[in-house]
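Student: Can you keep this structure in mind? I'll have questions shortly.
The values are calculated or read from the model by the stated rules, or taken from the named source; none is laboratory data. Note that the structure is predicted; figures quoted are calculated from it, not measured. Counting neighbours? That spans all protein chains shown, and the Cβs are built from the backbone with ideal geometry, glycine included. Keep in mind that these areas ignore ligands, DNA and RNA; they rest on the heavy atoms of the full protein, side chains included. Shrake-Rupley method; radii C 1.70, N 1.55, O 1.52, S 1.80 Å.
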Amino acid sequence: MDEELTPLDCLLPSGKQRIGLIILNQPLDKDYLNILWGKAVLKACADGAANHLYNVTAGARDSFLPDYISGDFDSITAEVKAFFSDKGCKLIETAKQDLTDFTKCLTIMVEEIQKRQLQVDAIVTLGGLGGRFDQTMASVETLYHALSMTRLPLLIIQGTSLACLLRPQGSHRLGVNTGLEGDWCSLIPVGGPCQTITTGLKWNLNNDVLQFGKLVSTSNTYEPVGPGEPRKPVTVTTDQPLLWSMGIHNDKE
């Protein structure tokens, strides 16, 4: 099945994507938060993420109330927990320790989207790519869980990076002409060897096998175009799940 996605549409003020928003326990970019919050039809915090949301929205907290906060609640402070509880936000304790707070929060979101029959184009996660390396890898692992949980794209955004996992079989057509794209993009075979075909990249793959220890397409970029011409979409065909990551142009950097 062919799938089309413009990954950075969610960060365009004029973008049309309707999203579910998950906030993770890492520092928040207030500009990203404001844009994504306005597009979200369902909003959630994973445990200590509520602390960051509470702190960054001082003076406007009543406008940033998540639908639910989930986790084992070992990170959220008593003050923040009481504030959101008093405001009517649902607190869902998920004590199971063999899944991360991100995976558990995503499970609830998928269930809520289905139960409420919400019209959602993608689930966007704010945070998850910074700080500790093991937590970044845990975020990637949640992308693999998501494949069996939902057909919705799951995007992870933090700083100047976006990551998502491309499903095997069929072709992916990625729009990369929003003006927010940075210079770099990558295809990383995290779960195992991937036989891959691409177009729209400077260094395309033609039935090449991506595999750690052999070939990994990091520090790639987009096919050059003439001045004033739109950037061509990137197409990717893969026989196994393949991690797509890309830079985000940020004027603050």
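Student: It is to be established whether one or more residues within segment 109-124 are in contact with a Cys (Cβ under 7 Å, 6 or more places away or on another chain), crowded, with 21+ Cβ neighbours inside 10 Å and of a type in the set (Val, Ile, Thr).
Tutor: yes
One line per residue, one yes/no per condition, for (1) open to solvent by 90 Å² or more (accessible area, probe 1.4 Å); (2) out of contact with any Phe, Trp or Tyr (no Cβ under 8 Å at 6 or more places or on another chain); (3) part of a loop (DSSP other than H, G, I, E, B):
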| residue | (1), (2), (3) |
| --- | --- |
| Thr196 | no, yes, no |
| Asp208 | no, yes, no |
| Pro224 | yes, yes, yes |
| Arg231 | no, no, yes |
| Thr235 | no, yes, no |
| Leu243 | no, yes, no |
| Gly247 | no, no, no |
| Asn250 | no, yes, yes |
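Student: Give the number of residues within segment 1-60 that are free of Cβ contacts under 8 Å to residues at least 60 places away in the same chain, in a strand (DSSP E or B) and open to solvent by 30 Å² or more (accessible area, probe 1.4 Å).
Tutor: 1
Student: Something else: For Ser219, state whether it is small (Gly, Ala, Ser) and open to solvent by 30 Å² or more (accessible area, probe 1.4 Å).
Tutor: Judged against the criteria, Ser219 is a match.
Student: Identify the single condition in (1) on the phi < 0 side of the Ramachandran plot; (2) surrounded by 14 or more Cβ atoms within 10 Å (Cβ to Cβ) that Phe73 does not satisfy, given that it satisfies every other one.
Tutor: So the condition that Phe73 fails would be (1).
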